[in-house]
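Have a look at the structure below before the remarks.
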Amino acid sequence: MQEVVVSIDGMMCGMCESHVNNVIRNNFNVKKVTSSHSKGRTVIITEEDIDEKKLREKIDETGYSVTDIKKQPYEKKGLFSFLKK
């Protein structure tokens with residue numbers, strides 16, 4: 001699994017977050033996507049690699065602009081995850 005953190009400029013409210021989330025869900029196979037206009041970022045959890053160029057293109061089409069994309073392995077953190085160490 002992979003976590004993709006996308007920094008996005010232009011989100012101002014909850015509806016902006018919904019627009020970005022819907023664009024990502026409709027164009028990519030993702031497990032989870034959450035956006036925060038106050039933090040200016042979207043976090044995507046996916047099993048497949050996401051093409052950064054296509055991701056930028058689809059978000060730019062909505063009127064928002066991608067400023068940065070970071071990818072890293074994703075580890076699910078549950079209530080008792082501290083016991084696994």
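For segment 37-70: of the residues being touching an Asp or Glu at 6+ places or on another chain (Cβ under 7 Å) and not hydrophobic (A, V, I, L, M, F, W, C), which is surrounded by the most Cβ atoms within 10 Å (Cβ to Cβ)?
Y64
M1 versus (1) surrounded by 14 or more Cβ atoms within 10 Å (Cβ to Cβ); (2) touching a residue at least 24 places away in the same chain (Cβ under 8 Å); (3) aliphatic (A, V, I, L, M): which is the lone unmet condition?
It is condition (1) that M1 fails.
Tell me which residues, restricted to segment 33-64, are touching a helix residue (DSSP H, G or I) at 6+ places or on another chain (Cβ under 9 Å), modelled with pLDDT of 95 or more and of a type in the set (S, T, N, Q).
T34, S35, S36, T42 - these are the residues of segment 33-64 that are touching a helix residue (DSSP H, G or I) at 6+ places or on another chain (Cβ under 9 Å), modelled with pLDDT of 95 or more and of a type in the set (S, T, N, Q).
Applying the selection to segment 19-47, what residues are in contact (Cβ under 8 Å) with a residue 40 or more places away in the chain and not hydroxyl-bearing (S, T, Y)?
H19, V20, V43, I44, I45, E47
Please find, among V20, V30, the residue that is surrounded by 14 or more Cβ atoms within 10 Å (Cβ to Cβ), on the phi < 0 side of the Ramachandran plot, part of a loop (DSSP other than H, G, I, E, B) and touching a helix residue (DSSP H, G or I) at 6+ places or on another chain (Cβ under 8 Å).
V30
Please enumerate the residues belonging to segment 33-64 that are assigned to a strand (DSSP E or B) and of a type outside the set (K, R).
Correct list: V33, T34, S35, S36, T42, V43, I44, I45, T46.
Quick check: is even one residue across segment 5-14 surrounded by 14 or more Cβ atoms within 10 Å (Cβ to Cβ), of a type in the set (A, V, I, L, M, F, W, C) and either more than 13 Å from the chain's Cα centre (by Cα) or not in a strand (DSSP E or B) (or both)?
Yes, some residue in segment 5-14 is surrounded by 14 or more Cβ atoms within 10 Å (Cβ to Cβ), of a type in the set (A, V, I, L, M, F, W, C) and either more than 13 Å from the chain's Cα centre (by Cα) or not in a strand (DSSP E or B) (or both).
The values are calculated or read from the model by the stated rules, or taken from the named source; none is laboratory data. Since we're looking at a predicted model, the values are computed, not measured. Every residue, glycine as well, gets a Cβ built from its backbone with ideal geometry; the counts of neighbours run over all protein chains shown.
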